[in-house]
Amino acid sequence: MAATPVNQISLHHFRSNSFPTRAHPLISEFNDQLSRLRCSEATSSSSASLSQKLIGLQDLNDCVDNLLLLLFAQALAQEQNQKWFNELLDGSLRLLDVCGIARDALLQTKECTRELQSTLRRRHGSEMEVAREVEKYLASRKVVKKAVQKALKGMQTKFNSKKNEDLAIVSLLKELEAVTILVFESLLTFIDGPKLQSKSTSWFVVSKLVHPKRIACEGKETDANEFEKVDAALQTLISHKTSKSDYSIHVQNAQNWMGKLESSIQDVEEVLECLSRRLVKTRVSILNIHNH
């Protein structure tokens, strides 16, 4: 969902003599951070890149909180702005819901990854036992994917950005909501992972991971993220008849990628937890303005 381009937001949007006509430094800071975050949308959607985007959202929310406290409380609390107040509250609640869905999806995947890693580390485990645990993991991934895809579809229909707001703070908060949606879409798409179109596609992804130089000469490279790499490795592990030595290689490959996936999830989880607290803080700030 593309966000509406924003001009530099300044205090001249207010019909009041109590504010200066030039932009406040906090507004300039917000615009600068917003521009950097939008530019980052063109970068890769690796776990490290996503973490940086989530940190950028934290900074934006901190900036907005300061603006609400210092400049805009009186304007937003005025009775004629009740409509905007209600819309902002509804939007903040939807963002928290999406954030919760992403956190749940990451937690569920991490727990299943740990359980499967434990099974694979038990060398005495039979191939049948491994296959059962892999199927359990893949079944869990289907549940996660379904929840993520539902959330993505809901974001496309529920979120909307209204134009021509009279108040600068409303325009600013709408821009914050829009860029948050973009980052959350990137995060959910990352968790969902690109769809594997066939077993042969799965085999190609894993073969490239195991023999990167050889596959590079046979076809173009893939943009598989950590989730897809694990999914592909596990599907190959249970769907191909291989020799005992090849089977051991595929087991080791799956273990390696699951370790990397767990580490990536842990990194994103920590940043997402901090962002969740920032989103709650911003919502509380808006509520406090109304209650006063």
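The values are calculated or read from the model by the stated rules, or taken from the named source; none is laboratory data. From a predicted model like this one, the values you see are computed outputs, not experimental measurements. All Cβ positions, glycine included, derive from the backbone under ideal geometry; neighbour counts span all protein chains shown.
Quick notes
- Some residue of region 231-254 being modelled with pLDDT of 80 or more, buried (at least 16 other Cβ atoms within 10 Å of the Cβ), of a type in the set (Asp, Glu) and within 30 Å of ASN61 (Cα to Cα): no
One line per residue, one yes/no per condition, for (1) farther than 22 Å from LEU275 by Cβ; (2) surrounded by 14 or more Cβ atoms within 10 Å (Cβ to Cβ):
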{"position": "VAL98", "(1), (2)": "no, yes"}
{"position": "ILE101", "(1), (2)": "no, yes"}
{"position": "GLU129", "(1), (2)": "yes, no"}
{"position": "VAL134", "(1), (2)": "yes, yes"}
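- In this structure, THR222 does not satisfy being under 26 Å from MET128 (Cβ atoms), modelled with pLDDT under 85 and not in a helix (DSSP H, G or I).
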